[in-house]
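Participant: After the structure tokens below, expect a handful of questions from me.
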Amino acid sequence: MLPPDQVYQLLRNLTSPVVAITSARGSEKNGMIIDSAIRASIVPTIPRIAIFIHKFNYSHKLIYESGKFGLHLLHTGQFDLIHHLGFQSRRTADKLATVPHRTGRLGVPVLEECHAHFECRVVNAMDTGSSTCFLGNVEATGHGGTSMPRGDVMTAAYFRANLPKAWKGDYERLLKEAQGHAEEASRNITMEAWVPK
């Protein structure tokens with residue numbers, strides 16, 4: 001077996017695009033950044049998305065309790081949005097207060113500026129220890145604020161390669177903190193059935 005750091009670097013090749021996830025429950029709403037979203041169906045008439053949300057993220061309870069989320073493909077010009085939604089917590093700031101958005105068909109925030117957005121209703125969930133994998137049926141989609149997508153989709157590799165130097169220290173610190181929170185929780189997986197909301 002390779003050393004853990006080498007295994008981690010190899011696993012980074014499986015990372016999805018960098019996406020913004022939005023959620024809402026009542027008057028509470030939030031936006032966050034993840035790179036753990038995948039297409040979960042090859043059937044064009046049954047579009048599905050799977051996302052992994054850590055339980056320590058504020059958005060986890062909003063998605064778990066509402067049974068819905070928005071996923072936004074970002075373009076390569078959206079570093080500032082990634083910094084804004086990904087480098088601070090909803091526990092200390094209303095992150096969507098200054099981000100142009102509207103309420104979507106499912107009641108989740110839809111960001112005005114993105115490559116494309118998908119509104120999803122959770123149809124199943126799986127505990128992964130430190131996170132929950134939410135499987136969502138895509139029920140609405142569109143391009144953010146324009147009729148056509150703009151720019152290339154932001155990938156995790158592009159983000160890491162072009163991360164502004166001024167943000168690198170914060171990025172590494174936040175990643176290490178998240179890994180610390182996730183390490184112990186990842187050892188315990190609870191089997192439970194998803195009850196549709």
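Participant: Most exposed first by the Cβ proxy, i.e. fewest other Cβ within 10 Å, how do Arg48, Arg173 rank?
Facilitator: Arg173, Arg48
Participant: Counting Lys and Arg as +1 and Asp and Glu as -1, what is the net charge of the other residues whose Cβ lies under 14 Å from the Cβ of Tyr58?
Facilitator: Spelling it out: positives minus negatives among the neighbours equals +4.
Participant: Please arrange Ser59, Ser23 by counting, for each residue, the other beta carbons lying within 10 Å of its beta carbon, fewest first.
Facilitator: Fewest-to-most Cβ neighbours within 10 Å comes out as Ser59, Ser23.
Participant: Which of the lysines could a cross-linker bridge to Lys168, judged by Cα under 19 Å and excluding same-chain residues fewer than eight apart?
Facilitator: Lys176
Participant: Also: Once you charge only the Cβ atoms, +1 for Lys and Arg and -1 for Asp and Glu, what is the size of the charge dipole of the chain about its Cα centre, to the nearest 20 debye?
Facilitator: Once rounded to the nearest 20, the dipole reads 200 debye.
Participant: Springs between alpha-carbon pairs under 10 angstrom, Gaussian network model over the chain: which of Ser131, Ser186, Ser89 fluctuates most?
Facilitator: Taking springs between Cα atoms under 10 Å, the residue moving most is Ser186.
Participant: Okay, next question. Under 11 Å from the Cβ of Glu139, count the other residues' Cβ atoms, weight Lys and Arg +1, Asp and Glu -1, and hand me the total.
Facilitator: +3
Participant: Now, a different point. Can you sort Tyr58, Tyr8 so the residue with the fewest Cβ neighbours within 10 Å comes first?
Facilitator: With the fewest neighbours first, Tyr58, Tyr8 line up as Tyr8, Tyr58.
Participant: With point charges of +1 on the Cβ of Lys and Arg and -1 on the Cβ of Asp and Glu, referenced to the Cα centre of the chain, which listed residue (Ile38, Gly136, Met191) lies farthest in the positive direction of the dipole?
Facilitator: So the residue we want is Gly136.
Participant: Where the centroid of each part is defined by its Cα atoms, how far is the stretch 153-197 from the stretch 98-146 in Å?
Facilitator: With the stretch 153-197 and the stretch 98-146 each reduced to a Cα centre, they are spaced 18 Å.
Coordinate-derived values only; no laboratory data. All values derive from a computational prediction rather than experimental measurement. Counting neighbours? That spans all protein chains shown, and the Cβs are built from the backbone with ideal geometry, glycine included.
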